[in-house]
Each structure stands twice: as structure tokens, then as C-alpha cells.
1. Extending each Cα 7 Å along its Cβ direction at B:ALA99 and A:LEU118, get the distance between those two points in nm, one decimal.
2. Label position 7 Å from Cα toward Cβ: report the copy-to-copy distances for A:LEU105 in nm, one decimal, ordered from shortest.
3. If you take every residue apart from B:LEU65 with its C-beta less than 9 Å away from the C-beta of B:LEU65, what net charge results, scoring Lys and Arg +1 and Asp and Glu -1?
4. Distances from A:LEU118 to the same residue in each other copy, label points 7 Å out along Cα→Cβ, in nm, shortest first?
5. For chain A, set up a Gaussian network in which alpha carbons nearer than 10 Å are linked by springs, and say which option among A:LEU58, A:LEU26, A:LEU135 fluctuates the most.
6. Can you give me the distance in nm between label points at B:LEU88 and A:ARG170, each placed 7 Å from the Cα along the Cα-to-Cβ direction?
7. Using a label point 7 angstrom from Cα along Cα-to-C-beta, what distances in nm, from shortest up, separate A:PRO75 from the other copies?
8. What number, in percent, do you get for the relative contact order of chain B if the mean sequence gap of Cα pairs under 8 Å and at least 6 apart is divided by its residue count?
Protein chains: 2
Amino acid sequence: MNVDLGTVRAQLSRTPGVLDALLRGLPDDWAGLTEGPGTWSPRGVVAHLTHADRTNWLPRARVLLAAGEAQVFSPFDRAGHQAVEATLSLNELLDDFAATRADSLRALDALSPGPAELARRGTHPEFGPVTLAQLLSTWAAHDLDHIMQITRTLGGGYRDAVGPWQAYLRIMR
Amino acid sequence: MNVDLGTVRAQLSRTPGVLDALLRGLPDDWAGLTEGPGTWSPRGVVAHLTHADRTNWLPRARVLLAAGEAQVFSPFDRAGHQAVEATLSLNELLDDFAATRADSLRALDALSPGPAELARRGTHPEFGPVTLAQLLSTWAAHDLDHIMQITRTLGGGYRDAVGPWQAYLRIMR
């Protein structure tokens, strides 16, 4: 598939609405449901996406554009959302994500990288050279990855309730 | 998790909005993207959900309530959506699903099964006795299963674009 900046931007702009439709008003036991120890609940995933917008994607894009491969990206703190997650309700987390994502899209539009910038390389702390186009594509794919995770987690909550249909639903395997 | 009729109804009512946020206006190459031969595109999944609302879930619930275990449910035609899918645009498929689901919810509300009905058994053509509560829970979980499928399919479209990040995104495995 051809993934250009328009494709990425369109997915990034869809995600807050998807999460809102899927989660707003969900009872606490579902919002806090996980797939087992060490896995994230829907609440946690929303907080993580917000934290990643604030500290990971655009900050890394700016480092890449400013310093190229010379400056390694800062590692991303995968647990960095937990303090905020603990203080906000699910609906507040959704509002926070939507506002943060709107800011991100404005910042991305201001950056407006052209073909030369998109092909420019930075240095990932673990796997080395990556282009700006790869970084931005990963931002969009990361949204989809976590929408899938939330959906799978919610589906798991139906495991006992569906009885013998369990064997037919891929979401429960 | 406790899955009651309210839980099922809430999920069923969320799904059209989720699919709309995820898919409306998506370019044809993304709407038609699959995970390989024999797998369904986002377009196909939306058509399948509509077809299942029309021919599977509530019709089976009615058979169960009318005849109990005496009448085996009709088998569901998993390819039954393909004729309609071929004639409608993605946005029309989304409209059709939203309208069909709204009809389904009205019909479910009219049915308004109480505890005795929810515990009543019917006969599934492959795995035998199932309760109405299990059937309705499966309807909701089936929505989530297919939202997950669409999300995974879209995520797969980013495989080449993300470069070395491929290894970090579960959606691409």
C-alpha cells in the first residue's frame, strides 16, 4: 500500500472519534478490564496514546529534522502515562486525548514536511536509521494497533457469556 | 465479566459509530484491502455485519423463543453478503449497516427478553444447546471481533511503510 502524509494524517484524525464511539460512558469494570497481569486496560491505552503524542512522535520528528542521524531519539517511557491515568476518569482521558491529538495535527500541519524531509533519516535508540516517513507511518499504525488491543480486550470480557460460541470467535483465542 | 442485556445492547448501539469513525470516506484501495486470498476487506466486513443482523441474530432469537430446542437454527450463509457488497459504495454500506442496526435495536427492545427468556435454550446446528443470553452475547462479541479484524487489516496496509518498526507493532504479526 502507498502510505503518504495524507494517509497518515487521515488515520490520526480518525482515531479520537473511533475511541469515543467505542468507549465513552463505558462502565468502570469494562474500562478497567485487562488481558491479564501486565497488560493494559482500555483506560490505560487511551492514556498511553495521549502520552505518546505528547512525548514521542512529534518530539522525535523534530529531533530528526533538526539533527538528522547525529542525535539518537530519547527512549520512550512506556509506563509514562500511568500517573495521569490514575487521576482522570475514562471520559476525561478521552477528552484529553482528543485535545492532544488536535494539537498534534495542528503541529504536523505547521511542520508540513515535503519529500526531502520525509526521506530524511534520524536514529532510533534500538534499531538505528529510520526515515521521517517511517516514523509518521508508525504513528498511524500504532493508533490502529492500540484500537485493535482495546477491541480484543473488550471482546475477552464476553468469553464466559458466549458459551460454546467461544470456539468461533477469533477475538477470544 | 457480567454480561447482561444492557451490556449487549450498549455494544450493539456503539458499533455503527465505531465503523463510521474508522471507515467513512476511506479511499477504495484501503476499503478493499484484505489480509490475503479468502480474507475480507473492511467493505466486506461491513456488508457481513449487516447481513448477519438481517438473517442471523434476531431470526435465531425468534426461533429459540418460539420453538425452544425443538427447532434447529438455520445455518448462516457466511458468503451471503457478497451480492449486496458488490453493488454499494463503502459509504452506502455504512449507511445500510447503521439503518439495519437501528432496526435491530428496535426489534430487540420490542422483544425485551426477561430472565426466563434469556435462560431459554435453542439448538445450534453445529454445537447443540445454547441459551438466548449466549446468543445475544455472541452478537455483541461478534461486532468486536470484526472491528478487530478491520483494524488489523488496515494496520497491515502500513507494513512496508513503517520499515524497522514492523517488529514492534503487534498488528503486523
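1. In this crude label model, B:ALA99 to A:LEU118 measures out at 3.8 nm.
2. Result, one decimal in nm: 2.4.
3. Details: positive: B:ARG62, B:ARG120; negative: B:GLU117.
So the environment of B:LEU65 carries a net charge of +1.
4. In ascending order, 5.1 nm.
5. A:LEU26
6. Distance between the two pseudo-spin positions: 2.2 nm.
7. With the label placed 7 Å along Cα→Cβ, A:PRO75 yields 5.5 nm.
8. So the answer I get is 30 percent.
The values are calculated or read from the model by the stated rules, or taken from the named source; none is laboratory data. Keep in mind the model is a prediction, meaning the values are calculated, not measured. Counting neighbours? That spans all protein chains shown, and the Cβs are built from the backbone with ideal geometry, glycine included. Side chains are part of the model used for accessible areas, which takes the heavy atoms of the whole protein and leaves out ligands, DNA and RNA. Shrake-Rupley method; radii C 1.70, N 1.55, O 1.52, S 1.80 Å.
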